[in-house]
Amino acid sequence: MTVIESRYETLSDPERSHRSVAQPNQLSTLASATVAFCLAGLLGVWVAIFLQVGPRAVPTFLKAAVVTSAFDSWLALVFNPFYWGVLVVLAIVQCLWPAQRRERMLSRGFVEDATWFFASTVFSVSVVAGLLSILHAGFLFVSGGWSLSLTPWLGVWGVAMLAFVLSDGLAWLSHWTHHHVPRLWYFHAVHHSQTSMNVLSDSRQHIVETLISATIVYIPGVMLGLSSPQAMKLAFGAVCFSAFIHSNIRTNLGPLRFLFISPQAHRVHHSVEEAHFNSNYGTVFSFWDALFRTRHADQRSYPETGIADDAFPHGNSRNPLALVSMWGRQTLYPFGLVVSKRVNYAGNTVGAAPSAELNEHAQ
């Protein structure tokens, strides 16, 4: 029995697993139905495009929809000075008030996340931008641009905030699903493999998870008629906030923790301690965890982070070629798990990696 198998066999025992979800079967059904609905919608979009533009025009249509949007989105993120300013400020703050002092700013884990940052910025952002362009174009073909048209009552930014809150709720559901559906967990485990949290840790996200999450959170905006400028600004704000909660910063936000996710709360979500499992799935707002009873009572500790898979291809070098190889191996690793069906149960988050590995990886 492998390390992961023994880990999840342990979690399948309800007396030993920390389950704060009130009705996991109902939530699992809802989550699976949501993912199935999104995938069915995506298939419907492809069919609609094919029928509307014809088979010969599909390549031209995709090129126009995908390439322009992907390139613009890539430029908007990579060359945005405010985003780099946020990262610099967060880096300074985590040096002044670190959650874990052993997690140095320029640790090997940070270098690995930097590799994910640049690779994913070029790859994931472009692919997601292309996907959303296709989805939106397909939606226009199917619906003719229909939306709930709430702008006259709520205003442009009122609609934007409503879409943002609803999208965050669906992001919570997507996150919960990635922890409870085994084959989705394989891909999400890449994100949880980090043992040295830092300002770039959120960049360590598998493209498969990114595509699923982006498809799910796309729904509220398009249904509510959210305009592109507001959508881009809110998405940019969410990216900056995600960098904040993944940082090695010692704060639980005080009273604001009842509204927003804090670095402490999200660190508990990444914890290697079994008492912290199945908790704190929120991405921006913390009231979703309170509503679904997945909020952990521990609001003070800053535990170690990581996963219990000894076979996971952690990096062991700062050499640029080795780092690129590491990124490729970590990207391909979940597909191997899907094929081999190594994990019997994925009802929770991460397990405790050997302390020796944790200490070495933080150097």
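We did not get these values from a lab; they are worked out from the coordinates using the rules stated. Just so you know, these numbers come straight off a predicted model, no measurement behind them. Here the Cβ positions follow ideal geometry from the backbone for every residue, glycine too, while neighbour counts run over all protein chains shown.
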For this session: Work out the P(r) tail for region 187-299: percent of alpha carbon pairs separated by more than 20 Å, whole number.
Result: 46 percent
Exercise. Where the only charges are on Cβ atoms (+1 Lys, Arg; -1 Asp, Glu), what is the dipole of region 172-269 about its Cα centre, to the nearest 20 debye?
Worked result: 180 debye
For this session: Name the long-range amide H neighbours of Ile249: under 5 Å, sequence gap of 5 or more, or other chain; modelled H, no Pro or chain starts.
Result: Ala99
For this session: Quote the relative contact order of region 264-310 in percent (integer), defining contacts as alpha-carbon pairs under 8 Å separated by 6+ residues.
Result: 46 percent
For this session: Take every Cα pair under 8 Å in region 185-303 that's 6+ residues apart, average their separations, divide by the length, and report that relative contact order as a whole percent.
Result: 21 percent
Problem set entry | Lys, Arg +1 and Asp, Glu -1 on Cβ, resulting dipole of region 237-295 about Cα centre, debye, nearest 20 | 140 debye
Exercise. Can you list the residues, at least 5 places off or on another chain, whose amide H is less than 5 Å from the amide H of Gly282, using H built in the peptide plane?
Worked result: Asp289
